[in-house]
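**Student:** Here's a structure for you.
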Amino acid sequence: MWNYVRLAFRIAVRVLWWALVLPWLALAVLRAGVRKAEANVRGLLALRVLFDRHARCVRGHRSDLRGVWECRGCGGLFAGWAFQACPTCGSTCGHIGCDRCGLAIRNPLV
Ligand SMILES: [Zn+2]
Ligand SMILES: [Zn+2]
C-alpha cells in the first residue's frame, strides 16, 4: 500500500517539476527566437541602406548617395554609391557631407 502512495507521490513531483520547468523552457526558447528575429530585422534594415539612393543628415536634408565621389584615400574620382570601396585604393570613407548644410552623414557600414 505505502509503495503505491510513494509511487504516486514521486509521479506527482515529477509532473509538477515538468509543469514548472516546461513553461520556463518554452519561454526561454521563445525569447531566444524573438531576439534572433530582432537581430535579423536589424541586419535587413542595415542591408537596406546599401540600396537606398538617399540618406538624411541630422537636420533631415536629403542627400544623394549615387553620383561621382572623390576618394579621400587616393584622391581618385569614382562613380557609384557614396560609401562603396574606392576602386583604385579600396578605402571607404566614414562620412560624406550633406548636400545642403554640409553636416556629416555617417557611413552606415562603419
Ligand atoms: Zn582611393
Ligand atoms: Zn543637411
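The values are calculated or read from the model by the stated rules, or taken from the named source; none is laboratory data. Predicted, not measured: the structure shown is a model, and the values here were computed from it. Quick reminder, even Gly has a Cβ in these numbers, built from the backbone with ideal geometry, and neighbours come from all protein chains shown.
**Student:** Residues to consider are Arg35, Arg10, Arg14; find the one that is of a type outside the set (Gly, Ala, Ser), surrounded by 10 or more Cβ atoms within 10 Å (Cβ to Cβ) and within 17 Å of the chain's Cα centre (by Cα).
**Tutor:** Values: Arg10 fails: within 17 Å of the chain's Cα centre (by Cα); Arg14 fails: within 17 Å of the chain's Cα centre (by Cα).
None of the others qualify; the one that does is Arg35.
**Student:** Of the residues in the range 82-107, how many are surrounded by 15 or more Cβ atoms within 10 Å (Cβ to Cβ), touching a residue at least 40 places away in the same chain (Cβ under 8 Å) and not in a strand (DSSP E or B)?
**Tutor:** Of the residues in the range 82-107, 1 are surrounded by 15 or more Cβ atoms within 10 Å (Cβ to Cβ), touching a residue at least 40 places away in the same chain (Cβ under 8 Å) and not in a strand (DSSP E or B).
**Student:** Shifting gears a bit: Could you figure out which of (1) part of a strand (DSSP E or B); (2) surrounded by 13 or more Cβ atoms within 10 Å (Cβ to Cβ) isn't true of Ala79?
**Tutor:** (2)
**Student:** Looking at (1) assigned to a loop (DSSP other than H, G, I, E, B); (2) away from ligand 2 (no atom under 16 Å from the Cβ), can you tell me which one Leu7 breaks?
**Tutor:** (1)
Yes/no per residue for (1) at pLDDT below 95; (2) within 16 Å of ligand 1 (Cβ to nearest atom); (3) touching an Asp or Glu at 6+ places or on another chain (Cβ under 8 Å):
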{"residue": "Leu25", "(1), (2), (3)": "yes, no, no"}
{"residue": "Val34", "(1), (2), (3)": "yes, no, no"}
{"residue": "Gly43", "(1), (2), (3)": "yes, no, no"}
{"residue": "Arg48", "(1), (2), (3)": "yes, no, no"}
{"residue": "Asp52", "(1), (2), (3)": "yes, no, no"}
{"residue": "Asp64", "(1), (2), (3)": "yes, no, yes"}
{"residue": "Gly80", "(1), (2), (3)": "yes, yes, no"}
{"residue": "Gly94", "(1), (2), (3)": "yes, yes, no"}
{"residue": "Leu103", "(1), (2), (3)": "no, no, no"}
